[in-house]
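The block underneath contains the structure these notes are about, expressed in structure tokens.
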Amino acid sequence: MQVYGLVGNPVGHSLSPPMHEAAYEETGLDARYVTFEPARDDIAAAVEGADALGVSGLNVTIPFKQDVLELVDPDPLAERIGAVNTVDFGGETPKGYNTDAAGVTRSFERHGVGLAGNSAVVVGAGGAGRAAAFALSDADASVHVANRTAETAVELAEAVPGATGGGLDTLDRIREADVLVNATSVGMESPDETPVPAEYLHGDLAVLDAVYTPLETQLIRDAAAAGAVTIDGAWMLLLQGVEAFERWTGRDAPVDAMNAALRSHLESD
Ligand code: NAP
């Protein structure tokens, strides 16, 4: 039996276990997915210990994504983003990936939204914002990052080829954009709050909200009312998990089974 897992603190409410277990069941893979919650100072020992015990792969979440970058051999994209959310122990040395980036681009692909040559606005410049900005740029979109703390957006934009950055006063760029990603946590704790004034949304836009609790955020409602393509945060969560499954196993992931498991858990919360 192979063991995969999630390392974070806290991990109690994670949706990754049911999503990955559904994939093992659907594909007949003899594997289990478990959660680990080490203390902040124990992450290096935890990763080394998992490797020594024969764990096949780990997902990594808050607060360890940056720490783990230093503990594994990161691929170039994870290195540029500055965070690892997936570790593969299958090779000589543990390899680190950032599958949140693929979660963003695969979400647009799956909804028939082209990225190459299009213009994208990313709101937020934390972990999800960094993954989105690099992913969209690698997919040949031109990227503008808008963040509450403008300096963080400017710093990120300097690292992303061709990108620009600014404060939330630059959100009017959305009027001319093809693609919008909300990578802030706005809408999570106060479901009627949105990071984006509804007047900037329009019918030629595709909107991905990284927030997935609730699934229908105010931004998603406003975007739908404006006639935009809407993509809720469960797609990004699903497709980062799909990318992790495929990197770990070398097989195509059973996307529909994983989606059904994820959505049934989200809807029952
Ligand atoms: P993070 O690193 O802490 O970054 C938080 C971001 O939100 C920062 O840009 C921050 O701006 C901004 N922000 C926070 N409160 C704000 C407010 N009141 N007004 C405007 N901006 C505000 O967090 P993260 O890991 O990037 O996660 C961000 C969101 O994405 C969370 O809701 C998380 O659950 C979600 N997420 C979803 C997925 C998925 O698979 N669907 C994956 C990763 C993350 P400042 O820089 O100014 O503080």
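Below is a table of values for the structure above.
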read-out	value
Check on Asp42, surrounded by fewer than 22 Cβ atoms within 10 Å (Cβ to Cβ), in contact with a Pro (Cβ under 8 Å, 6 or more places away or on another chain) and not assigned by TED's automatic domain parsing to the domain that holds Arg175	no
Only listed residue being farther than 22 Å from Tyr212 by Cβ, away from the ligand (no atom under 16 Å from the Cβ) and assigned by TED's automatic domain parsing to the domain that holds Trp248, chosen from Glu37, Glu26, Glu21, Glu79	Glu79
Helices (runs of 4 or more DSSP H) wholly inside segment 78-166 that include at least 1 residues being of a type in the set (D, E, K, R) and either within 17 Å of the chain's Cα centre (by Cα) or at pLDDT below 95 (or both)	99-110, 127-138
All positions within segment 214-229 that are among the acidic types (Asp, Glu) and surrounded by 16 or more Cβ atoms within 10 Å (Cβ to Cβ)	Asp222
Within segment 194-268, helices (runs of 4 or more DSSP H) holding 3 or more residues that are within 22 Å of Gly124 (Cα to Cα)	218-225, 233-249
Residue in segment 226-242 that is more than 13 Å from the ligand (Cβ to nearest atom) and closer than 18 Å to Ala131 by Cα present	no
Total residues in segment 106-123, condition touching a helix residue (DSSP H, G or I) at 6+ places or on another chain (Cβ under 8 Å) and buried (at least 20 other Cβ atoms within 10 Å of the Cβ)	7
Selection status of Val68, among the β-branched types (Val, Ile, Thr) and in a helix (DSSP H, G or I)	yes
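Per-residue answers, yes or no, for (1) touching a Gly at 6+ places or on another chain (Cβ under 8 Å); (2) part of a loop (DSSP other than H, G, I, E, B):
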position	(1), (2)
Leu6	no, no
Pro10	no, yes
Ser14	yes, yes
Glu26	no, no
Arg32	no, no
Thr35	yes, no
Ile43	no, no
Ala46	no, no
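The values are calculated or read from the model by the stated rules, or taken from the named source; none is laboratory data. Bear in mind that the values here come from a model prediction, so they are computed numbers and not experimental data. When we count neighbours, we look across all protein chains shown, and the Cβ atoms used for this are built from the backbone with ideal geometry, even at glycine.
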